[in-house]
Each structure stands twice: as C-alpha cells, then as structure tokens.
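Some notes on the structure that comes next.
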Amino acid sequence: MKLPASPVRARAGAVLAALAVLVGASACDTSPGAAALVGDDRISTDALQRAVNVALANPKARPDGTRADFTRTELGRLISNRVIAAAAAARHVTATENEIDTQLQSFAQQAGGMQQLIQAAAQGGVPQSELRSFARYYVLQQKIGDALVANAPVSQAQLQQAYQQNADQYDQVHAAHILVADKARADSILATVRRHPSQFATLAAKYSTDTGSKDNGGDLGFAGRGQFVPEFSRAIFAAKPGSFVEVHTQFGWHVIHVIEHKRTTLAEATPDLKASILQNTRNRLLGEALAAQAKRLGIHVNPRYGRWDARQGKVVPISTKDDVSSPSPAA
C-alpha cells in the first residue's frame, strides 16, 4: 500500500502525494450491485459511481488516465479507507475533531493556503466536500504508524548524529544586511545605523547592491551556518542579537544587523529526530499492518472494475474484456 510522505519533513508536495492515496468515503447505500466487498462492508456500484461523478464534475479535476482508470483508483481509495478504519479500530486509534482541524490547517499551509489546497485536491479528484473525510483517514493512518514505532528503540548516538547532520535546522540566525562595494561606504553606514537603528531598512533600499534583499530592508530571514559564505557565517553567529557588525566577503562589504539567534537543543529536537530516524521502519510496519488487515478482512472486487492487488494495495485491471462485462460479486 502506498504511503504518504512523513510529516516530519512535510512540504507542499506532500499534500499532492497524500491526495493520491486517500479520499473521504461516503457510507454505502443498499442499492443493488456491489463494486467491492471489504469483509462485511459493501461498496455499492451506485456509491462508487456517485463518488466518481462528483470528483469529475469539477472543471479543475485533472486525474490521470481514462474514466475507467479513475474509477479503479477511486474504488481502491474507498477500499483503503475501510482497511485503515478497521486497522485503527483494532488498535483503539481515533481521530478527534481538533486533530482533523489541525491536519487540514497543516495541509493548507503546505499548499500555500486553503484555496490552493482546495484546488490541489480537486485536481487530484478529491472534491471540497470530501476534504474533511480525507483528513480524518489521513490522521488515522498517521496515528497507526506512530503507534507501531512508539516503543522502537533509538540510541543516543543515533540522535546525536542526526542532530549534527541537521545542525543548520537547529542553530539559526535571523539577520539583515546592506551590501556595498567599498569599506568607506560600509564604515559610514555602520556608524549611522549604530546611532539610528531605525534607518537600517531605508539605507538598505538606498545603498545595498543585493537586489534580492534590499527592497525588504536587507532581511535574510533565519538561516543556518552552511547557508552563507564562511566569513559571513562566522560574523553573524559570533555577534550578539541586536548588534550591528561589518564583514568583508568575496561579494563586497556587508553591514549586518544580527536580529535574533535561535537554538533548538538536542532534547527539544528529539521527537522530530526520532521520527526521522524511524521513518523507513515506520513506513514498512505501517504497510505491513494495513496489508495484514486487508487480508484478515478479505477483499473481493467486482471483476467489471478489475481485481485487488494485495502487493500494491490497489485495484488493477484484469483485461479489456473483463473490465467491461464481468458480473458483480454476490452481495
């Protein structure tokens, strides 16, 4: 079963990756014809076709392949949701309304805003009306994965190594600078901003040759040591927050305002570090747990739509002929 990206390093791409895995499912109705049986749960052909129609009705929807391909994908999602729900129930895992809200906010942030999330979801075949259900199943899946590695051992040496490898993430300085060509101009600007700190942004706009930052008051944001040339890094990491310093690099003379120095200790970083170290193990165990749950339930797909591939955790076509004319499973 395909797994969504780890929440530890979630980015905008994680939203689209997750949308390819799950979709909120409506309850099965009692109309004749079964698209699939998942244990005692029946996914009717009417429920499947309604879900497909709603998803494809949005003009922004751009699913890959034909309608038949999308129908198989949609059926696979509906099946996967039921497997996730069963696995969660077996482990007494639930998703609270607050957790669902938080996850939706996280997805929106990753996508660049709620409207961007809605558009990305629609493009992937998830209508806005199903986003909350989608978030619920995603939260359940993540909590199952967390539970599977809750007691997995991680050594102090592993944590220390990961901490050092990600030093730029845990030791950062927020700085702004004014870049000029000669020392005399830099000395003059330094003297001015030390007397009148509020003029820094104005002087950056007027004199700085760094076109990427001058119109933003010279602001460089938070960054780690490795993101600047050595001379610049040494200067800003050695200076006290609130101070103004001058340094020469290959680019010219910099007058720098060191705004803030933010450090995350090893103890503070440990939960994220542990999650990162265990990511591969977590994904493997989660995949195995969901596959085992699917096997226990028993999944039977109407051959009209294809067959359930247990290894891939999705519905795949049988053949062109069977895809069109095979009978429904008894239900």
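Below is a table of values for the structure above.
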| quantity | calculated |
| --- | --- |
| Test: residue in segment 67-76 that is small (Gly, Ala, Ser), within 20 Å of Ala310 (Cβ to Cβ) and at pLDDT 50 or above | yes |
| Top-ranked residue in segment 157-189 [being under 15 Å from Ser243 (Cβ atoms) and buried (at least 20 other Cβ atoms within 10 Å of the Cβ); ranked as farthest from the chain's Cα centre (by Cα)] | Ile189 |
| Failed condition for Ala108, given (1) touching a residue at least 60 places away in the same chain (Cβ under 8 Å); (2) out of contact with any Lys or Arg (no Cβ under 9 Å at 6 or more places or on another chain); (3) assigned to a helix (DSSP H, G or I) | (1) |
| Boolean, Val126 is buried (at least 17 other Cβ atoms within 10 Å of the Cβ) and either within 30 Å of Ile277 (Cβ to Cβ) or in contact with a strand residue (DSSP E or B) (Cβ under 7 Å, 6 or more places away or on another chain) (or both) | no |
| Any hit, segment 83-104, residues being over 17 Å from the mean Cα position of the chain (by Cα), closer than 18 Å to Pro59 by Cα and at pLDDT 90 or above | no |
| Any hit, segment 136-147, residues being out of contact with any helix residue (DSSP H, G or I) (no Cβ under 9 Å at 6 or more places or on another chain), assigned by TED's automatic domain parsing to the domain that holds Thr45, of a type outside the set (Asp, Glu) and buried (at least 21 other Cβ atoms within 10 Å of the Cβ) | no |
| Residues being free of Cβ contacts under 8 Å to residues at least 40 places away in the same chain and among the polar types (S, T, N, Q) - total across segment 31-58 | 4 |
| Conditions (1) surrounded by fewer than 18 Cβ atoms within 10 Å (Cβ to Cβ); (2) in a helix (DSSP H, G or I); number of the one not met by Ala235 | (1) |
| Residue in segment 235-246 that is in the same structural domain as Ala204 (by TED's automatic domain parsing), farther than 19 Å from Ala201 by Cα and within 33 Å of the chain's Cα centre (by Cα) present | yes |
| Positions within segment 204-231 being in a helix (DSSP H, G or I), in contact (Cβ under 8 Å) with a residue 40 or more places away in the chain and either loosely packed, with under 13 Cβ neighbours inside 10 Å or not polar (S, T, N, Q) (or both), in sequence order | Arg225, Gly226 |
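The values are calculated or read from the model by the stated rules, or taken from the named source; none is laboratory data. Please read these numbers as outputs of a predicted model, since none were measured by experiment. Note: ideal-geometry Cβ built from the backbone for every residue, glycine included; neighbour counts use all protein chains shown.
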